[in-house]
Amino acid sequence: MDLDILVEQDGWTRLEAPEALARAAVGAALTVAGLDPDGDIELCVRFAGDDEVAGLNATYRGKPHPTNVLSFPADGGPVADGAPRLLGDIVLADGVIAREAEAQGKPLATHACHLIVHGTLHLLGYDHEDDASAEIMEALEVKALAALGLPDPYGDPQQAGTASPLPAH
């Protein structure tokens, strides 16, 4: 996996080791989706600010406010022999995610990890537009987070825990 990780906003300094967290979250999402995280796959995770995400959300979704995570899948065009499979980009909003984590009683790293998994699954074509699709996507998210030792984000909020989403080295 070729993973570009860009930390573009000072607000992300509250998150310890965002690069390691992103690598672990993307790897877990790829694994539960049946892909080899060590395979020829390329994507980008951008840790951005609320203003940047609000601009992207307005431009691409017609919603002039920040959201927690945006996924921009690659166009799916032809890939040259031997070239990596380009999945696309994930953009996270620091303020939105920090406020959500606090409101939900979750560690920032746990919530950010969940949203990176969520964004990666979107890049792979999963969505939550209807109940059946949402059920499939949420089950994959729960499985990926469990592989990282994290609780079910859709379960009991009292079980959010303080476990680190980073794998033991």
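The values are calculated or read from the model by the stated rules, or taken from the named source; none is laboratory data. What you are looking at is a predicted structure, and each value in this text was computed from that prediction instead of being measured. Glycine also receives a Cβ, built like all others from the backbone with ideal geometry; neighbour counts cover every protein chain displayed. Please note that ligands, DNA and RNA were not included when accessible areas were found on the heavy atoms of the full protein model with its side chains. Shrake-Rupley method; radii C 1.70, N 1.55, O 1.52, S 1.80 Å.
What the table shows:
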quantity	calculated
Enumeration of residues in region 87-105 that are surrounded by fewer than 23 Cβ atoms within 10 Å (Cβ to Cβ), more than 20 Å from Leu3 (Cα to Cα) and modelled with pLDDT of 95 or more	Gly95, Val96, Ala98, Arg99, Glu100, Ala101, Glu102, Ala103
Meets criteria (under 19 Å from Asp127 (Cα atoms) and in contact with a helix residue (DSSP H, G or I) (Cβ under 6 Å, 6 or more places away or on another chain)) for Leu87	yes
Residue list for region 40-70, filter: touching a helix residue (DSSP H, G or I) at 6+ places or on another chain (Cβ under 8 Å) and either closer than 20 Å to Gly11 by Cα or of a type in the set (Phe, Trp, Tyr) (or both)	Val45, Phe47, Ala48, Gly49, Asp50, Val53, His65, Pro66, Thr67, Asn68, Val69, Leu70
Residues satisfying the stated conditions in region 35-61, i.e. open to solvent by 60 Å² or more (accessible area, probe 1.4 Å) and in a loop (DSSP other than H, G, I, E, B)	Asp36, Asp38, Asp40
Candidate set from region 1-34 (those that are part of a helix (DSSP H, G or I) and polar (S, T, N, Q)); member that is nearest to Leu121 (Cα to Cα)	Thr31
Residue check, Pro84 surrounded by fewer than 20 Cβ atoms within 10 Å (Cβ to Cβ) and farther than 20 Å from Asp51 by Cα	yes
Cβ-Cβ under 9 Å pairs, at least 6 apart or on other chains, region 59-71 side closer than 18 Å to Gly88 by Cα and of a type in the set (A, V, I, L, M, F, W, C), far side at pLDDT 95 or above and surrounded by fewer than 12 Cβ atoms within 10 Å (Cβ to Cβ)	Leu70/Tyr60; Leu70/Arg61
Long-range neighbours under 9 Å by Cβ, at least six apart or interchain, first residue of a type in the set (Phe, Trp, Tyr) within region 1-30, second open to solvent by less than 10 Å² (accessible area, probe 1.4 Å)	Trp12/Phe47; Trp12/Ala48; Trp12/Gly49; Trp12/Leu92; Trp12/Ala112
Within region 63-75, tally of residues that are open to solvent by less than 60 Å² (accessible area, probe 1.4 Å) and over 23 Å from Arg85 (Cβ atoms)	3
